[in-house]
1. May I ask for the percentage of alpha-carbon pairs in the protein assembly as shown that lie more than 44 Å from each other?
2. May I ask you to evaluate 6.51 cos²θ - 1.76 cosθ + 1.60, the Karplus curve with θ = phi - 60°, for each residue of the range A:16-21 and list the ³J(HN,Hα) values in order in whole Hz, giving x for glycine and proline?
3. So for B:Phe124, B:Phe88, fewest C-beta neighbours within 10 Å to most, what's the order?
4. Under a cut-off of 19 Å between alpha-carbon atoms, report the aspartates and glutamates in cross-link reach of B:Lys259, not counting same-chain residues fewer than 8 places apart.
5. Which length gain, in nm to one decimal place, applies between B:Phe378 and B:Thr206 when the Cα-Cα distance is subtracted from 0.36 nm times their residue separation?
6. Hey, how many Å between the Cα centroid of the range B:1-18 and the Cα centroid of the range B:39-67?
7. State, to one decimal in nm, how far the label point of B:Trp48 lies from the label point of B:Arg109, with both points 7 Å from Cα in the Cβ direction.
8. Quick check on the exposure proxy: order B:Cys308, B:Cys241, B:Cys340 from fewest to most C-beta atoms within 10 angstrom.
Amino acid sequence: MNKSGLIPSYRLDMTGEPCPYPAVATLEAMPHLSHGEILEVVTDCPQSINSIPLDARNHGYEVLDIQQDGPTIRYLIRR
Amino acid sequence: MTWQDFKTHYLVRFWAPLPAVLAAGVLSAYYFGITGTFWAVTGEFTRWGGHLLQLAGYHPETWGYFQLIHLEGTPLTRIDGVMIIGMFAGCLSAALWANNVKLRLPRHRIRIVQALAGGIIAGFGARLAMGCNLAAFFTGIPQFSLHAWFFALATAAGSYFGARFTLLPIFRLPVKLQKIDQALPLQQDADQARRRFRLGMLVFLTFMAWAVSQSFSAPKLGLAALFGLAFGLLIERAQICFTSAFRDLWITGRSQMAKAIILGMAVSAIGIYSYIQLGAAPKIMWAGPNAVLGGLMFGFGIVLAGGCETGWMYRAVEGQVHFWWVGIGNIIGATLLAVCWDDIAPVVATNFDKVNLLAVFGPQGGLLLTYLMLAMSFGAILWWERRFFASQASAQTASTEKPA
């Protein structure tokens, strides 16, 4: 699961926040990155598994990795 | 395939939503055929409110609404009751298997306010319309009741306003984009995961054994409990969320869940149709203003709350405290509706016709019309999705063309 060599430049910690806020905040954060930079989104909202990856792709970003540690899910998304 | 592989692929990982919703559609048709009733939860939540009122010394069993939905027995002797207990057991087992139970506390007071207020509005609206999304989508529409279409369209509209409202600055907590130079280390606590998995298996197998033993003395109750268990597994593992199906069309343009639910209704409708042709009685409700008003309130409320009557169930057992408040709100809202039902029912509901599409257009005509309307809904979603991303793309070009 662990993809070495992917170093995120920014982290968005959405722990504790319910839907739709993690997905909305992710989409709002992405334009602040430079092209090629990676955002790490950390959330414990299980529903985000159906929202963040799809939303990121739909809005033109690349989902590099999804990792899960029990309740915590981490997404790596490249602008 | 080793047991470890099986566990990882089928019990721990999230399930894809589309097959899970299709499975729920098929199961809900069988559920109707076997138990003679439908997959629905809010009616039973209202009865819980009724029981609480009885404990407080009131006599809700004499109120019109409780005579309508019946307040006899206890959750353990009612089909809806054991089905819901099964759903909770299924949700809890699924969440424990994946080590996905964690006490998640709201970050701010405003979340509790919106959870409770949204829950009350949604609970009231759902019962005003005689049932929430489950009753409307997995029973109403596939059961050919016109009221469910009124409810569905109104819910879509209500969710639009709910989405606008929920993104107002007052509900937005400040989020900080932290500059970092390495990823957050994630370490699975293997021992905890193993313990939780075993606990999940214990809940699952115990409930299953109880339900199977029930099915010999009371077949319908036992089977309803087993169906509940399956529904619970499906909604938690695939994170099936009716709220997001509507809301995210408006907020992020995502349509996956909405499309899945329409397809789920499509597989359910033909199954229900076959049972009705064999003589089972469909549940047809008043196609009155109550379905429209209820749908508007329900759509608004579920988005404000962040989850509907089904959504809060699995989120609550996952330890999301926010959704405990939604659940409490739902029961309060449903009970409030029962309190004022006798005053408003003639105006908004009981004086209107119960329209059965199969009776109005004939069995084949009604079936055809239902599928036609489902296809049109699917088409409308495709159209909206295209439009959403087209306007987004043009907004983006406009902003990049501006001089920095």
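1. So the pairs more than 44 Å apart make up 13 percent of the total in the protein assembly as shown.
2. Going residue by residue, I get x, 8, x, 4, x, 4 Hz, with x marking Gly and Pro.
3. Details: B:Phe124 25, B:Phe88 18.
Exposure proxy ranking, most exposed first: B:Phe88, B:Phe124.
4. Within reach: A:Asp55, B:Glu236, B:Asp248, B:Glu385.
5. 57.9 nm
6. After rounding, the separation between the Cα centres reads 40 Å.
7. 2.7 nm
8. Final ranking by Cβ density, sparse to dense: B:Cys340, B:Cys241, B:Cys308.
Every number here is computed from the coordinates shown, using simple stated rules; none is lab data. The structure presented is a predicted model; accordingly, all values stated were derived computationally and were not measured. Note: ideal-geometry Cβ built from the backbone for every residue, glycine included; neighbour counts use all protein chains shown.
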